[in-house]
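**Student:** Okay, here's the structure, questions in a sec.
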Amino acid sequence: MGGTSAEREVSLKSGRACADALKRRGYRVCEIDAGDDMAEQLRRVQAGVAFIALHGRPGEDGTVQGLLEVMRIPYTGSGVLASALGMDKIASRALFLQNGIPCPAGISITNDESLPMAIPFDFPVVVKPAAAGSSLGVTLVPDPRGVPAAAAAAFQYGPRIVIETYIPGREVQVGVLNNRALGVIEIKSKTPFYDYEAKYVPGMSAHLFPAPLPTAVYQNVMEIGLRVHQVIGCRGATRVDLRLTDDGKPFVLEINTLPGMTETSLLPEIARGVGIDFDSLVERILDAATLETAA
């Protein structure tokens, strides 16, 4: 947990909550604040299993997973490739579209390219880093004049950005656990979209579970969420974020291969809604820990 990414504080909260849950279940837990000596710390404590609560890089992009594969330490969550794909919004988007999963119209740009003279779809647009979480560096841009500043903000989090058309409608998310879609939650945000402030400032968003959707729409969103999890090749717990138009058409925004795991985070809230309390959820994630490569 922890680490050095921009999501450090969220990661520390997730890690402490999961560690406390596992201690309550009787496990011997060592909390490792991930730094350059991570491998040394893992050896020193003789880790039997690594529970990953390390949001952002290097925990969510396949890097830590690769280290644990080399060290032969089973770990929770998705493997090297699925983690890398899930973190990279450009790569995952291409994979979604190839498999018939609906996504907003979008383009990608690197920091050595000029911004396009014209965006090939309607405004407003969303400008975001290609590989960051917690809505960091994400801007809703109402007209072309705002694109340069939004792009500059997104480039602070990496050399590639994505510009997508904004899908008006509802914000919904699907929780997936061990290859099963648990349910759909709707986010009612006081900000124009579900940004960092809405996610982490108390009172800035309301969560509705189960999402108040027609049965057929709810089921379709569930199926798409599970399909996204499977197409990427994920394991363990994930959360799929979507926008839903007023007529019930879903568009996938991204998959989170290491979703927030505080007691008030969305995946635990979805799990509670289907009868899985927080400690049980954490233990189920632990029970699915494995290595990708054969011994």
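Bear in mind that the values in this text are calculations on the coordinates, not laboratory data. No experiment lies behind these values; they were computed from the predicted model shown. Cβ: placed from backbone, ideal geometry, glycine included. Neighbour counts: every protein chain shown.
**Student:** Can you count the Lys pairs in the chain with C-alpha separation below 26 Å, eight or more apart or on different chains?
**Tutor:** Pairs that pass both the separation and distance tests number 20.
**Student:** Here is a follow-up. Quick one: what do you get for the chain if you divide its Cα Rg by 2.2 N^0.38 Å?
**Tutor:** Ratio of Rg to 2.2 N^0.38 Å for the chain: 0.98.
**Student:** Tell me whether the stretch 1-136 comes out rounded, prolate or oblate; compute the Cα gyration tensor, take square roots of the eigenvalues as a ≥ b ≥ c, and use a/c under 1.5 as the rounded threshold.
**Tutor:** prolate
**Student:** If you consider only alpha-carbon coordinates, what radius of gyration and Dmax does the stretch 85-177 have, in Å?
**Tutor:** 13.1, 43
**Student:** If you don't mind, there's one more thing I want to ask. Divide, for the stretch 142-295, the radius of gyration over alpha carbons by 2.2 N^0.38 Å, where N is the residue count.
**Tutor:** Normalised by 2.2 N^0.38 Å, the Cα Rg of the stretch 142-295 equals 1.12.
**Student:** Treat the count of other C-beta atoms within 10 Å as a stand-in for reagent exposure and order MET1, MET261 from fewest to most.
**Tutor:** MET1, MET261
**Student:** Quick one: net charge of GLY3's neighbours, Cβ under 10 Å, K/R +1, D/E -1?
**Tutor:** Surrounding charge for GLY3 is -1.
**Student:** Related question: So what is the relative contact order for the chain, in percent, with contacts set as C-alpha pairs under 8 Å and at least six apart?
**Tutor:** 22
**Student:** May I ask you to order 216-226, 231-241 by the average number of other C-beta atoms within 10 Å around their residues, highest value first?
**Tutor:** Top to bottom by mean Cβ count within 10 Å: 231-241, 216-226.
**Student:** Another question, if that's okay. Return the calculated 222 nm mean residue ellipticity for the chain, to the nearest 500 deg cm²/dmol, obtained by summing -39500 (n - 2.57) across DSSP H runs with n ≥ 4 and dividing by the residue count.
**Tutor:** Computed ellipticity for the chain at 222 nm equals -10000 deg cm²/dmol.
**Student:** Just check the stretch 8-76 against the gyration tensor rule for me: Cα atoms, a ≥ b ≥ c as the square roots of the eigenvalues, rounded for a/c under 1.5, and otherwise prolate or oblate depending on whether a/b exceeds b/c.
**Tutor:** Oblate.
**Student:** For the ranges 30-42, 52-64, 2-14, what's the packing order if you count other beta-carbon atoms within 10 Å of each residue, average per peptide, and put the highest first?
**Tutor:** 52-64, 2-14, 30-42
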